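Structure first, commentary second.
The values are calculated or read from the model by the stated rules, or taken from the named source; none is laboratory data. This is a predicted model, so every value here is computed, not measured. Don't worry about glycine lacking a Cβ; one is built from the backbone with ideal geometry, like all the others, and counts go over all protein chains shown.
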Amino acid sequence: MLKLEDLNVYHGSSRTLKSVSLSLASGEVLCLFGRNGAGKTTTLKAIMGLLPAHSGRVTLDDVELTGLPAHEVPKCGIGYVPQGRRLFAELTVEENLEIGLMARRTDREILTEVFRLFPVLRERLTQVSGTLSGGEQQMLAMARALCLDPSVVLLDEPTEGLMPSMIATIRDVILELRSNGKAVLLVEQRIEAVLAVADRVCFIENGTVKATMPTAELRADLASFRQYAGIV
């Protein structure tokens, strides 16, 4: 479904992604794992057209995304939840969701599914999003992305700074998205969160893919985290 082939991205004269290749299928959760600055967020931004590719390709179901303006990429069916949520803090919950619907001109029926996944948002529709709790803001950021009815969802550290009960809610939603056939590309630093939801883990170091392994193998051999990421 989603493919990156020999993707190279530069920040100025520095090459931050170095021939990155990966693939993501429907109904699969792939986690990008590595130290801070390894290139995980850069990979997501390159997919979304927020950082230009110097060379290589990004395709979704054989549709070329490389070189598309950033505002056109969501129309192809990719929902993006950036690190830090990036909500329109001065707008209400409902207005943030409306922006998600407008991005792809999605049928409003999708809101039924969104509120099923995040019922608290129905109760907060008129509340200014900047006054929500951190967990509620994360739910709204995910809900806004899901308003596109995407086939692929990119999540950048969705559990960062959240209390355990909210982390469990986000985990359950990710698992449900997978069961509904969505492809999820997840950036996550917490090993226990990775093992709970991911089908495969892609280890990135200094902008290079070092290995991609099934999560089942990692559960049996946590030393692989030390080998490829130096974190355990």
Going by the structure shown, is residue 165 hydroxyl-bearing (Ser, Thr, Tyr) and either closer than 16 Å to residue 79 by Cα or surrounded by 24 or more Cβ atoms within 10 Å (Cβ to Cβ) (or both)? no
Please go through segment 169-181 and give me each residue that is farther than 15 Å from residue 120 by Cα, of a type in the set (A, V, I, L, M) and either crowded, with 19+ Cβ neighbours inside 10 Å or free of Cβ contacts under 8 Å to residues at least 12 places away in the same chain (or both), ordered by number. 174, 177
Complete set of residues in segment 153-178 that are under 25 Å from residue 63 (Cβ atoms) and out of contact with any Lys or Arg (no Cβ under 7 Å at 6 or more places or on another chain): 154, 155, 156, 174, 177, 178
Just one listed residue, out of 207, 161, is touching a Gly at 6+ places or on another chain (Cβ under 8 Å) and free of Cβ contacts under 8 Å to residues at least 40 places away in the same chain, and it is 161
Quick check on residue 132: is it at pLDDT below 95 and not small (Gly, Ala, Ser)? yes
Across (1) touching a strand residue (DSSP E or B) at 6+ places or on another chain (Cβ under 6 Å); (2) of a type in the set (Ser, Thr, Tyr); (3) surrounded by 13 or more Cβ atoms within 10 Å (Cβ to Cβ); (4) over 17 Å from residue 152 (Cα atoms), residue 80 clears everything bar (4)
Could you check segment 173-197 and list, in sequence order, the residues that are aliphatic (A, V, I, L, M) and closer than 14 Å to residue 157 by Cβ? 174, 184, 185, 186, 187, 191, 193, 194, 197
Working only within segment 78-100, note down all residues that are in contact with a helix residue (DSSP H, G or I) (Cβ under 8 Å, 6 or more places away or on another chain) and under 23 Å from residue 46 (Cα atoms). 78, 79, 80, 81, 82, 83, 85, 86, 87, 88, 99, 100
Test result for residue 110, aliphatic (A, V, I, L, M) and within 30 Å of residue 223 (Cα to Cα): no
Counting only residues that are closer than 20 Å to residue 176 by Cα and surrounded by 15 or more Cβ atoms within 10 Å (Cβ to Cβ), how many does segment 114-125 have? 6
Does residue 122 satisfy the criteria of being among the basic types (Lys, Arg), over 13 Å from the mean Cα position of the chain (by Cα) and modelled with pLDDT under 85? no
Residue set 160, 90, 72; condition outside any helix (DSSP H, G or I), at pLDDT below 90 and out of contact with any strand residue (DSSP E or B) (no Cβ under 8 Å at 6 or more places or on another chain); output residue 160
